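> The structure under discussion is supplied below as C-alpha cells; questions concerning it will follow.
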Amino acid sequence: LVDLSAVFGPLEVHPLKEAVDQRRPELITIFSKPGDNSIFEVEGEQGANWLGWHSDLTYVERINHGGILRAIKPTSHGGLTGFIDQVTAYDTLPDDLKARIEDLSVVYKMGAFDIYKYGYKGQLKIHRVSEYYRKVWDTTDNFPEVAHPMVFTQPETGRKVLHISPFFAMHIEGMENEEGDALLKRLCDHIVNTPSYRHKWTTEELVLWDNWRVLHAVTPIPLDEERFMQRTTIKGDYGLGRLAQVKQAAA
C-alpha cells in the first residue's frame, strides 16, 4: 500500500498522532471494535464510528492531495465509504449562487463532533464517544482555525470545484451571523444531496481518490462487528489554505 501510494506522490505522516501506525508512520489505522466505539445515530440509523461528508485535513492549511484506502477486515454490512464529486456539485448550482460564493471562504476547525452542524442529513445524536476520539479531541488546541476558499479552479482541467468540506466547517469567514449560516447550510445541503457512490468493501481492492475534488464519508458500522482499515496520505498543497482571520472584539 505504501509503495503503490508513493507512485502518485510523496507521502506525509498524518497530523493526528493517535491515528498513525507506529510501525509504518506512512499509514493510518482506522478501526472499529465492539465495546470501544463511538456510537452515533444519524438519518434514522444507529451504528459505530460514522463520519460525515468531508475532505481530509481541511482543518489545516495544507490539504493533502489524496489517499489510498483498503479494508483489512470489512464488515458484513454497513461501514460503506461514500464519495461525492465536488465538480458536479458546483456545476449543478444555480448561476446566481455561483456568483455569490465566488470570493467567499469557509473557516474550519478540528474539534468534538458535537460542534459540527453540516455534512449529514437530519439530526445527529452522539450516544457514546470512544477513548480514541477523546484522545484526539484533547489535541484540538494544536489546530488553529483555518480558511479555505469555497470555490477553486482545477489547474489541470480549468473546471471549478465547490470546495467545501461540510464536516469540519464552522462558518463563512466574515459572515458569522444567521445569513452566513443559512448560506453555508444551503450549500452543504446541496452537496450532501449530490449523487454519490457508496463503496462496499472486500479485501480485494484499493480505492484512490483526489482529495481536492472528492468528498468522502462513512456510513454507520454494525455495533457487534469489527472493522479494520488502512490508509495512506499523499502529500500536496493546492496553495490557497491559510490561517483564518481573527475576529476583532467590539470596542
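> Treating only the Cβ of Lys, Arg, Asp and Glu as charged (+1, +1, -1, -1), what charge dipole size does the chain show about its Cα centre? Round to the nearest 20 debye.
Details: 28 positive and 36 negative charges, 66 e Å.
Result for the chain is approximately 320 debye, rounded to the nearest 20.
> Quick one: Trp201, Trp137, fewest Cβ neighbours within 10 Å first, how do they rank? Each step should come with its number before you reach the end.
Values: Trp201 19, Trp137 16.
The most exposed by this proxy come first: Trp137, Trp201.
> Which order do Leu215, Leu206, Leu124 fall in if you start with the one that has the fewest other Cβ atoms within 10 Å? Walk me through the intermediate numbers first.
Numbers: Leu215 28, Leu206 14, Leu124 17.
Least to most surrounded, the residues fall as Leu206, Leu124, Leu215.
> Rg/Rh for segment 2-239: what does it come to with C-alpha atoms and Rh from Kirkwood?
Values: Rg = 17.2 Å, Rh = 18.3 Å.
Computed over Cα atoms, the ratio is 0.94.
> Does anyone have the angle between helix 178-192 and the longest principal axis of the chain? Alpha-carbon axes, 0 to 90°, nearest 10?
That works out to roughly 50 degrees.
> Evaluate 2.2 N^0.38 Å with N set to the residue count of segment 104-171, then give the Cα radius of gyration divided by it. Kindly include the intermediate steps, with their values, before the conclusion.
Details: Rg = 14.8 Å, N = 68, 2.2 N^0.38 = 10.9 Å.
Output field value: 1.35.
> Something else about it: Once the principal axes of the Cα atoms of segment 12-108 are found, what is the range along each, listed largest first in whole angstroms?
If we take the Cα atoms of segment 12-108, the spans are 48, 36, 21 Å.
> Once every Cα of segment 209-249 carries one equal point scatterer and solvent is ignored, give the base-10 log of I(q)/I(0) from the Debye formula at q = 0.14, 0.18 Å⁻¹, two decimals.
Here log10 of I(q) over I(0) equals -0.66, -0.82.
> Another question about this same structure. For a footprinting-style exposure proxy, rank Tyr108, Tyr133, Tyr90 by other Cβ within 10 Å, fewest first.
Details: Tyr108 27, Tyr133 17, Tyr90 23.
Placing the least packed residue first, the sequence is Tyr133, Tyr90, Tyr108.
> Could you name the lysines whose alpha carbon sits less than 27 Å from that of Lys98, not counting residues in the same chain fewer than 8 places away?
Lys109, Lys117, Lys121, Lys160, Lys185, Lys247
Each reported figure results from applying straightforward, stated rules to the coordinates on display, with no laboratory input. Because the structure is a prediction, the values reported are computed rather than measured. For neighbour counting, all protein chains shown are included, and Cβ atoms are generated from backbone atoms with ideal geometry for every residue, glycine included.
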